[in-house]
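Notes to accompany the following structure.
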Amino acid sequence: GIQVEQSPPDLILQEGANSTLRCNFSDSVNNLQWFHQNPWGQLINLFYIPSGTKQNGRLSATTVATERYSLLYISSSQTTDSGVYFCAVERSGGTSYGKLTFGQGTILTVHP
Amino acid sequence: NAGVTQTPKFQVLKTGQSMTLQCAQDMNHEYMSWYRQDPGMGLRLIHYSVGAGITDQGEVPNGYNVSRSTTEDFPLRLLSAAPSQTSVYFCASSSSGSGSWEQYFGPGTRLTVT
């Protein structure tokens, strides 16, 4: 199956700092999503971004499909950004879009 | 819209018992999935469905059954619970309606098998 590697595994920031999270994947994909799991366990979809760049407030994401990686940028971090960030992909060639393979996640801790 | 709902939130089972985890969505999504999350790990796909009456296996299907008789509901059945099935279970749904395949997750069910 497709392999998904996220880095760094852990990240500790002071409030206001910027950060970049990386997701590498081993095969071509037709579906790539970034999720945030908050400290209460809820998974929130941040971006659906199989290619290109998107921005939503302080968050932005870029996927370079030809080079098989995606980046999630968090600017001016806040304590509410703490949690685990997951990258999830689906390999190209399939006929459905519900079969995501998740990376191990990046644990982000933002201190006030 | 309630989104994706799951019941129960918590459950403790003894080895060998059976139970059904409920999942429902009110967004008319055609795709629904079940994942499990073990400590320190990402989510792994158990089963998924591309529409009513159509299901298929994911990465870790052993010990679980699913069926989908309606668009809204996608229950997950544990046939004979084992301690290895202790985990947090998430149901998710998605649709191509807007050209975006964003997956929406329920709040999860925390299951302990003793």
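Laboratory data are not the source of any read-out in this text; all were calculated from the coordinates shown. No experiment lies behind these values; they were computed from the predicted model shown. Reconstructed Cβ throughout: ideal geometry from the backbone, glycine too, with neighbour counts over all protein chains shown.
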Could you please find all residues in the range B:46-93 being β-branched (Val, Ile, Thr), under 11 Å from the mean Cα position of the chain (by Cα) and within 16 Å of B:GLN25 (Cα to Cα)?
B:VAL66
Tell me whether the range B:42-56 contains one or more residues that are surrounded by 19 or more Cβ atoms within 10 Å (Cβ to Cβ), facing chain A (nearest Cβ under 10 Å) and not in a strand (DSSP E or B).
yes
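Would you be able to tell me the number of residues in the range B:19-41 that are over 15 Å from the mean Cα position of the chain (by Cα) and under 16 Å from B:SER87 (Cβ atoms)?
Qualifying residue count, the range B:19-41: 3.
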Touching an Asp or Glu at 6+ places or on another chain (Cβ under 6 Å) and part of a loop (DSSP other than H, G, I, E, B): which single residue out of B:ALA24, B:ALA2 fits that description?
B:ALA2
For the range B:98-112, pairs from a residue that is under 13 Å from B:CYS23 (Cβ atoms) and within 7 Å of chain A (Cβ to nearest Cβ) to a residue that is in a loop (DSSP other than H, G, I, E, B) and among the basic types (Lys, Arg), with Cβ under 8 Å and 6 or more apart or across chains, are B:PRO107/B:LYS9; B:GLY108/B:LYS9
Just to be sure I understand, how many residues within the range A:65-76 are in contact with a Lys or Arg (Cβ under 9 Å, 6 or more places away or on another chain) and surrounded by fewer than 22 Cβ atoms within 10 Å (Cβ to Cβ)?
5
Given A:PHE86, A:PHE47, which one is buried (at least 22 other Cβ atoms within 10 Å of the Cβ) and either among the aliphatic types (A, V, I, L, M) or free of Cβ contacts under 8 Å to residues at least 60 places away in the same chain (or both)?
A:PHE47
Please identify the pairs in which a residue from the range B:40-57 that is touching a residue at least 24 places away in the same chain (Cβ under 8 Å) has its Cβ atom under 8 Å from the Cβ atom of a residue that is small (Gly, Ala, Ser) and in a loop (DSSP other than H, G, I, E, B), counting only partners at least 6 apart or on another chain.
B:ILE46/B:GLY58; B:HIS47/B:GLY58; B:SER49/A:GLY98
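Let's see how each residue does on (1) within 12 Å of chain A (Cβ to nearest Cβ); (2) out of contact with any Pro (no Cβ under 8 Å at 6 or more places or on another chain); (3) assigned to a loop (DSSP other than H, G, I, E, B):
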{"residue": "B:ASN28", "(1), (2), (3)": "no, yes, yes"}
{"residue": "B:PRO39", "(1), (2), (3)": "yes, yes, yes"}
{"residue": "B:ASN62", "(1), (2), (3)": "no, yes, yes"}
{"residue": "B:SER84", "(1), (2), (3)": "no, yes, no"}
{"residue": "B:SER96", "(1), (2), (3)": "yes, yes, yes"}
Have a look at B:SER80, B:SER67, B:SER100, B:SER18 and point out the one that is surrounded by fewer than 22 Cβ atoms within 10 Å (Cβ to Cβ) and either β-branched (Val, Ile, Thr) or out of contact with any strand residue (DSSP E or B) (no Cβ under 7 Å at 6 or more places or on another chain) (or both).
B:SER80
